[in-house]
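S.K.: Handing you a structure now.
The values are calculated or read from the model by the stated rules, or taken from the named source; none is laboratory data. This one's a predicted model, so the numbers in the text were calculated from it and none came from an experiment. As a convention, Cβ positions derive from the backbone with ideal geometry for all residues, glycine included, and neighbour counts pool all protein chains shown. We work out accessible area using only protein heavy atoms, side chains counted, and drop any ligands, DNA or RNA first. Shrake-Rupley method; radii C 1.70, N 1.55, O 1.52, S 1.80 Å.
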Amino acid sequence: DSGVTQTPKHLITATGQRVTLRCSPRSGDLSVYWYQQSLDQGLQFLIQYYNGEERAKGNILERFSAQQFPDLHSELNLSSLELGDSALYFCASSGKGGGRETQYFGPGTRLLVL
Amino acid sequence: GESVGLHLPTLSVQEGDNSIINCAYSNSASDYFIWYKQESGKGPQFIIDIRSNMDKRQGQRVTVLLNKTVKHLSLQIAATQPGDSAVYFCAENVYSGNTPLVFGKGTRLSVIA
């Protein structure tokens, strides 16, 4: 158990809908990262938050957004969903630094868009 | 741009043998490297890391070797067990405070009993 929690574990929705994925980092970790993993693909970095502020942005679509709250949990919002958004979405957290520390991953949310 | 890749997409190893998983990176400025293991349906799990001021680091049954001259990273697993079957990712990081990890595509390790 990495200490990172994600909910829900599974999510099935329809095209055009909007969903919110939730992540709670390890106790004391200030950075939260979101990744997308599609079938036969590696981990694609989406976005990073550090202590409530956006720190780095990767290949995140404009239809996607995220935020980190004062209690350090984070939410990833996916809107106007398309079939191609079906994937595993992972959250990871790391310590006080901005990007160097080891990232610990949650169990992921499996999103299926029908 | 920077990229991290793996030489072999799949690797089959006999139980009890040693496994070697390789990874090439292209960014000579990378100074921190991590190996992750991902079992089916689970999130990536940290295995071992190494910083660029080292060329070897050992853990429990695992060893990571770093060759900065040829920008090559390897993960050695001793006495491979069925529970080692998974996809292994290498990741690199350039310390800037703003740069996230860059992951390779992964190598699937299959242990033959």
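S.K.: If you take the accessible area of A alone, add that of B alone, and subtract the area of the pair, what total do you get in Å², probe 1.4 Å, to the nearest 100?
M.R.: 1700 Å²
S.K.: For A:L112 and A:I12, compute 0.36 nm times the residue count separating them, minus their Cα-Cα distance, and round to one decimal in nm.
M.R.: So the chain would gain 35.5 nm between A:L112 and A:I12.
S.K.: On average, how many beta carbons from a partner chain sit within 10 Å of the beta carbon of a residue in B:43-52?
M.R.: On the way: counts 15, 11, 4, 6, 0, 1, 2, 0, 1, 0.
Mean shielding by partner chains, rounded to a whole number: 4.
S.K.: Per-residue mean of other chain beta-carbon atoms within 10 angstrom of the beta-carbon, peptide A:102-108?
M.R.: Per-residue shielding by partner chains comes out at 6.
S.K.: What is the average number of partner chain Cβ atoms found within 10 Å of a Cβ in B:82-92?
M.R.: Per-residue shielding by partner chains comes out at 1.
S.K.: Carbon and sulfur atoms: what percent of the 1.4 Å accessible area of chain A do they account for?
M.R.: Its accessible area is 48 percent carbon and sulfur atoms.
S.K.: Quick one: 3J(HN,Hα) in Hz for region B:72-81, Karplus 6.51/-1.76/1.60 with θ = phi - 60°, rounded, Gly and Pro as x.
M.R.: 3J(HN,Hα) across region B:72-81, in whole Hz: 10, 10, 9, 10, 10, 10, 8, 6, 4, 10.
S.K.: 7 Å from Cα along Cα→Cβ at both B:R108 and A:I60: what's the point-to-point distance in nm?
M.R.: Each label point lies 7 Å from its Cα, and together they span 3.1 nm.
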